[in-house]
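Since every read-out is calculated from the coordinates, none of them should be taken as a lab result. Note that the coordinates shown come from a computational prediction; the quantities given were computed from them, not determined experimentally. Please note: Cβ atoms are built from the backbone with ideal geometry, for glycine as well, and neighbour counts cover all protein chains shown.
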Amino acid sequence: MITPGLARQDGIHLPNLHTREEFCGHTVLQALRRATEILAAQVSVRDALERTRSSEFHSWVVEDEGSIVGIVNGTMLESAVANGRAEQYLMSLFDSLEFPHVHADHPLHLALERMSKAHIDILPVVNRADAHKLEGIATLHDVLGSYGWDSSFQPT
């Protein structure tokens, strides 16, 4: 986890109160992209881990018959395999059907906060009338880019 002081020291400037006010009109809609990597809830944990090894992301939306049931990250998948759950369906990893998400009209900083809290790099953007209907995703890269973060920057 990057703390604000360490991030600033390394030349990474995360959004603060001033930045949030400056960008308060920016919404998730500006960072919305089509979800290209969706995992089926009835896939085994082992198969999901194999499918995601070459992914550009570290977390993925899980759907069951077109409805979002959750989101998994690589750590969850690896932990499930290590705990003998490799052959179980992805659906078995979820205790409830609640998952971190945002709506397209939410402010960008809310997406960033929810990604940070859940330790994920993508966030489902869902329909207001049906939180299990996916409209797209917001990626950490795109949200930070909206704040002017340069992804080519490499801290020393």
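Numbers at a glance
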quantity: Three-way shape label, segment 74-156, alpha-carbon gyration tensor, a/c 1.5; calculated: oblate
quantity: Cα gyration tensor shape for segment 24-146, rounded if a/c is under 1.5, else prolate or oblate; calculated: prolate
quantity: Dipole of segment 24-146, positive direction: furthest Cα of 74, 41, 31, with charges on the beta-carbon; calculated: 31
quantity: Residue-span extension gain [residue 50 to residue 97] - 0.36 nm each, minus C-alpha spacing; calculated: 14.5 nm
quantity: Cleavage-rule hits, GluC sites (Glu not before Pro), segment 61-100, DSSP coil, Cβ neighbours within 10 Å at most 16; calculated: 65, 87, 98
